[in-house]
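Here is the structure we will look at.
The values are calculated or read from the model by the stated rules, or taken from the named source; none is laboratory data. Remember, it's a predicted structure, so these values are computed and weren't measured experimentally. Because the Cβ atoms are built from the backbone with ideal geometry, glycine has one as well, and the counts that use them run over all protein chains shown. Calculation scope for accessible area: heavy atoms of the full protein, side chains included, ligands and nucleic acids excluded. Shrake-Rupley method; radii C 1.70, N 1.55, O 1.52, S 1.80 Å.
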Amino acid sequence: MASQHPALAILVREPDGFTVWSGPPYPQGSSPPQKLPKTACSATTFSSDGSRLLVTVASASATVYDCSSLSVIRSFDLPGLTAAALSPTGSYLQTFQKSSSPQVKNVTVWHVDTATALYQHYQKNLSKATWPMVQFSADESVACRMQTNEMQFFDTKDFTKGIVHRIRMPGIAAMQLASAPGSHVAGFVPEAKGVPASIQIFSCDKDAQNQVVARRSFFRCSTVQFHWNKGSTGLLIVSQADVDKTNQSYYGETKLHYLTTDRAFEGAVPLKKEGPVHDVRWSSSGSEFAAVYGFMPAKATIFNKKCNPLHELGEGPYNTIRWNPKGRFVVIAGFGNLPGDMAFWDYSEKKLVGKTKAEWSVISEWSPDGRHFMTATTAPRLQIDNGIKIFDHNGSLLFKKMFENKLYQADWKPEAPERFDDIADLTTSLSSIKIEDTKKQGQGSKSAQTSSKAPVTIAAKPARAYRPPQSKHTAALQDKLFGGLAPTGPEMSKTALRNKKRREKQKEKKAGEGSSADDS
């Protein structure tokens, strides 16, 4: 008997509240079924395992839902609420409230089921680098926070004990606990007074703490992004500097570094192209990672744990990479200020299976089963043309919905990828798709074949505008920059046409002057 798969679900938040859709596939022309009536809120987020949902109302309350039944587990009245976060399995809730004085402890760790305040302390400021204040491992067996010059650890079975042990790290500005498992923690000390910035990895084992497991130092760095792999054996660090001293980029300078807990590798990732690091992601197995880097057209490469290149995904207008939860499919895309090109790769077969576009996308992610890829255009990044698109694993568009009002959020409900089957039986290569299309065309009437071939014949010899000799490589360059999907138009703009006529008149005038000089 076949195993029962979890049902996919999508959280959608608009100005008047949020709702939860049933996941795809959807019948053609129909709207997604709603599993929950629209509910007013300011923000929503799932726990990492997808078991619980946090819904907050600014300066008022936080409510935790059970995702299986979408019923309320617990509601907290929290005046002055500014931020809230769930632990990975939803057992604990962290809240940050506005505080008028240091004597009022404004950061609280709650036990969700009992609504008990387990731990409280005062925090003056709130920032992305320091929130959530307490970081948990995936199984919530390890919990720690960053304080001045040190990292502090809690006993998750009894928060009333307070801080049970510490790791000293003078000047620490950011930290990241490895998630699965929570065996190591990394800290960052920024560059100061001629001393280089440094990354240090420590063991979370109390007996082995304060002993550096791995270390990396470098200049020209003000902030970092941490990326731990599954297994907590490798750490990728994207270092960022506000100013590029080489004057090659207006947006500063970024570098990609790699550290392993066994010290097999401590250094910079050997990238084959100069320029910024746009995105980096680990595979679900934690044994490979993919990076998009370099000046446009950017380059995409997959590396193994030893930092050796395994496969090149080509060049194009890309700044985003998303690895399928099963580890088989990879999407490289160009979002933000890029035209939205997407290339779908079957990594196991090392082949490109599809190309498409999703213009103006702000967020993008694979579904937990690895069969669907969703993109969304959301506010406040873009105030118009907000909508959701869902694609198949080969890039075929399956669903599209536009919103008259603004769309603030669109997220898959997390699920463990292991609970879903592989897609081997559903995967069709690009060559087989072409064969099927050819067969269908062969079965049609001659008139249908003629009509299907007509657009190809017309497109084969389009009316072309004059191109100067020095632009013979323009087509190849556009193909790299726009991923083969650059829009072409038969008409020139009025300004371009006027400039062209002016240049032609100047050439005729020069030619006439040259011939008159020869005659004389």
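For the reader, a short list of remarks on this structure follows.
- Per residue, the accessible area of the stretch 1-98 comes to 46 Å² when a 1.4 Å probe rolls over the protein heavy atoms.
- Using a probe of 1.4 angstrom and keeping all protein chains present, the accessible surface of the stretch 248-368 works out to 39 square angstrom per residue.
- Split the accessible area of the stretch 181-240 by element, probe 1.4 Å, and carbon with sulfur accounts for 50%.
- The stretch between His111 and Phe219, if pulled fully straight at 0.36 nm per residue, gains 34.6 nm over its current Cα-Cα span.
- Net charge of the neighbourhood of Ser285, taken over other residues with C-beta under 15 Å away and scored Lys/Arg +1, Asp/Glu -1, is +3.
- Size descriptors for the stretch 22-70, from the alpha-carbon set: Rg then Dmax equal 13.3, 42 Å.
- A cut-off of 5 Å between modelled amide H atoms, ignoring neighbours fewer than 5 places along the same chain, links Gly231 with Ala180.
- Using a probe radius of 1.4 angstrom, the carbon and sulfur fraction of the accessible surface of the stretch 19-156 is 49%.
- Multiplying the residue separation of Gln147 and Ile163 by 0.36 nm and subtracting their alpha-carbon distance yields 4.6 nm.
- Cross-link pairs beyond the 28 Å C-alpha cut-off, checked among Lys124/Lys406; Lys230/Lys255; Lys273/Lys406; Lys326/Lys351: Lys124/Lys406; Lys273/Lys406
- The stretch 320-406: equivalent-ellipsoid semi-axes (sqrt of 5 x gyration tensor eigenvalues, Cα, Å): 23, 13, 10
- Here the stretch 232-384 was treated as a single set of alpha-carbon atoms; its pair distances binned every 10 Å from 0 give 11, 38, 37, 14, 1 percent.
- The stretch 383-411 versus the stretch 174-205: alpha-carbon centroid distance in Å: 38 Å
- Phi angles across the stretch 296-303 convert, under the Karplus curve 6.51 cos²θ - 1.76 cosθ + 1.60 with θ = phi - 60°, into 3J(HN,Hα) values of 5, x, 6, 10, 10, 9, 9, 10 Hz, Gly and Pro given as x.
- Inter-label distance, Ser396 to Lys306: 4.0 nm, where each label sits 7 Å from its Cα along the C-beta direction.
- What the Cα atoms of the stretch 136-283 give is an Rg and a Dmax of 16.0, 52 Å.
- GluC sites (Glu not before Pro) restricted to DSSP loop in the stretch 308-408 with at most 14 other C-beta within 10 Å: Glu349, Glu359, Glu404
- Working note: Debye formula, equal point scatterers on the alpha-carbon atoms of the stretch 1-88, no solvent; log10 I(q)/I(0) at q = 0.12, 0.18 Å⁻¹ is -0.41, -0.83.
- Sorted from longest to shortest, the spans of the Cα atoms of the stretch 52-196 along the three principal axes equal 54, 37, 26 Å.
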